[in-house]
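Here is the structure we will look at, set down as structure tokens.
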Amino acid sequence: MPSDAHLPPDPRGVCHLVPQHPVLREAPVGSGPVILLLAGEPSGDLHGARVARALRERWPEARLLGLGGERMEAEGVELLAGLEDLAVMGFVEVAARLPFFWRLERRVRRLLDEGHIDLVLPIDYPGFNLRITAAAHDRGIPVLFFIAPQVWAWKAHRAARLARTADRIAVILPFEEEIFLREGGKAVFVGHPLLDRPDHVEDREAFCRRWGFDPDRPILALFPGSRAQELSRLLAPFTGAARLLRAERPELQLGVARAQGARFPQEATEGCTVVDDGRALLRHARAALVKSGTSTLEAALEGVPFVVAYRTHPLTFRIAKRVVRVDHVALANLVAGHRAVPELLQDEVTPERLAREVAPLLDDPERRERMRRELAGIRNALGEPGAAGRVAELAAEILHERQATGTGAGAGRPGAS
């Protein structure tokens, strides 16, 4: 279900900005462009790191500032705030963290007011990034928005707003380009970033040896998510369903994917193998249980038949039912244009119901093959690898245009295009 900010709450219960430092008190001279990248979730950090790398390949002397996580920082992005403090998900949870976001927004606006940012590059995270996009536009600073808000699901008015305030919109789902073009925006389908993952996946023998699986027995993969809120609502039903399935299939092995930073109670995963390599787990599984979101596209790309589950705060769900305009919650189904994989929502997410939906994917080869054909179609619709490089190309286009017209913060400065 789309939301304005996606991440778990800060376990400390306190939000912190990175200590203030003299960011850009004087205009850089003769250097590369100064680019502000804004990511607010783990996936955005990953995509932002790839974009940062592509930007540095084009402009080795570029200065990159922004919001993000360890991956972006490792690529040379100077962080104003980290992911642990940007972490919220859902209507109710966001409300409790508003003071922090107000402080952060004021700080970013002050940075824009200094007048030395050549390009703002927001990455997803629409509740925050759309406001910064508008602020940059009002100050004459160009914006390249990467991973557009899900206007096809809800808040359709955002399409016109973003089309008006962004110089380019780099979309990652094939049906999004036309939506923004209709609103007069300059939208470009750059392909999905998941296609850029290096294909360094262990073969089955090596994977099973590493994690203690028997390569001759089937594996059921469980993907309950990485955020604390997701885990609190999905881990127990997923492992409960897995145990029900194994009770009737003693040969079945259970693997739980653990995302970076996720913590599982030991009793919740008893009888399961916790695996840190989720992609390999998907590739070598016979079937999977997957939380909604980008994970459904990851499963589709690996070609593993799966069932999708979605649970959130009951109040959040009631609000969402009134405003969400799509027939599916799984991105894989949205790309397919129909229900290619089963979806279970809220009270449907019980061990018994999950087990009932997964059972045919374990037992029926014909059913598995039909779903694999559906998943292959989804893969083909996601475009070609190279999204980050295309985003860097769009950044160069924008800066060249501003240099040619003499507009924008760094328009008259060498190295800004």
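Residues in the range 168-199 that are in contact with an Asp or Glu (Cβ under 8 Å, 6 or more places away or on another chain), more than 16 Å from L46 (Cα to Cα) and of a type outside the set (A, V, I, L, M): 3 in all. When the residues of the range 217-236 are filtered to those that are surrounded by 23 or more Cβ atoms within 10 Å (Cβ to Cβ) and part of a helix (DSSP H, G or I), the one that is modelled with the highest pLDDT is L234.
For the range 191-210, check the following and say yes or no: at least one residue is in contact with a strand residue (DSSP E or B) (Cβ under 8 Å, 6 or more places away or on another chain) and of a type outside the set (S, T, Y). No - not one qualifying residue is present in the range 191-210.
Going by the structure shown, is F145 on the phi < 0 side of the Ramachandran plot and buried (at least 24 other Cβ atoms within 10 Å of the Cβ)?
yes
Given the criteria hydroxyl-bearing (S, T, Y), free of Cβ contacts under 8 Å to residues at least 60 places away in the same chain and either buried (at least 22 other Cβ atoms within 10 Å of the Cβ) or in a loop (DSSP other than H, G, I, E, B) (or both), does T296 qualify? Considered against the rule, which asks whether it is hydroxyl-bearing (S, T, Y), free of Cβ contacts under 8 Å to residues at least 60 places away in the same chain and either buried (at least 22 other Cβ atoms within 10 Å of the Cβ) or in a loop (DSSP other than H, G, I, E, B) (or both), T296 comes out as yes.
When you check A242 against the structure, is it among the small types (G, A, S), on the phi < 0 side of the Ramachandran plot and in contact with a Ser or Thr (Cβ under 6 Å, 6 or more places away or on another chain), yes or no? It would help to see each step written out before you state the result.
Numbers: among the small types (G, A, S): yes; on the phi < 0 side of the Ramachandran plot: yes; in contact with a Ser or Thr (Cβ under 6 Å, 6 or more places away or on another chain): no.
It is false that A242 is among the small types (G, A, S), on the phi < 0 side of the Ramachandran plot and in contact with a Ser or Thr (Cβ under 6 Å, 6 or more places away or on another chain).
The single residue among L289, L301 that is touching a residue at least 12 places away in the same chain (Cβ under 8 Å) and not in a strand (DSSP E or B) turns out to be L301. When the residues of the range 148-191 are filtered to those that are of a type in the set (F, W, Y) and closer than 23 Å to H400 by Cβ, the one that is surrounded by the most Cβ atoms within 10 Å (Cβ to Cβ) is F180.
Select, from V290, V274, V308, V304, the only residue that is buried (at least 24 other Cβ atoms within 10 Å of the Cβ) and either out of contact with any Asp or Glu (no Cβ under 9 Å at 6 or more places or on another chain) or among the acidic types (D, E) (or both). Don't jump to the end; show me each part of the working.
Values: V290 fails: either out of contact with any Asp or Glu (no Cβ under 9 Å at 6 or more places or on another chain) or among the acidic types (D, E) (or both); V274 fails: buried (at least 24 other Cβ atoms within 10 Å of the Cβ); V308 fails: either out of contact with any Asp or Glu (no Cβ under 9 Å at 6 or more places or on another chain) or among the acidic types (D, E) (or both).
Exactly one of V290, V274, V308, V304 is buried (at least 24 other Cβ atoms within 10 Å of the Cβ) and either out of contact with any Asp or Glu (no Cβ under 9 Å at 6 or more places or on another chain) or among the acidic types (D, E) (or both), namely V304.
Filtering the range 188-199 to residues that are part of a helix (DSSP H, G or I) and acidic (D, E) leaves only D196. For the residues A280, A320, the requirement of being at pLDDT 95 or above and either within 19 Å of V358 (Cβ to Cβ) or among the hydrophobic types (A, V, I, L, M, F, W, C) (or both) singles out A280. On the given criteria, is V92 touching a His at 6+ places or on another chain (Cβ under 7 Å) and modelled with pLDDT under 75? Against the criterion (touching a His at 6+ places or on another chain (Cβ under 7 Å) and modelled with pLDDT under 75), V92 qualifies. Scanning the range 192-216 for residues that are over 21 Å from V51 (Cβ atoms) and surrounded by 15 or more Cβ atoms within 10 Å (Cβ to Cβ) gives V201, E202, R204, F207, C208, W211, F213. Among the candidates E26, E70, E41, the residue that is at pLDDT below 95, surrounded by fewer than 19 Cβ atoms within 10 Å (Cβ to Cβ) and within 19 Å of the chain's Cα centre (by Cα) is uniquely E70.
The values are calculated or read from the model by the stated rules, or taken from the named source; none is laboratory data. Remember, predicted model here, so these are calculated numbers, not experimental data. No Cβ is skipped: glycine too gets one built from the backbone with ideal geometry, and neighbour counts run over all protein chains shown.
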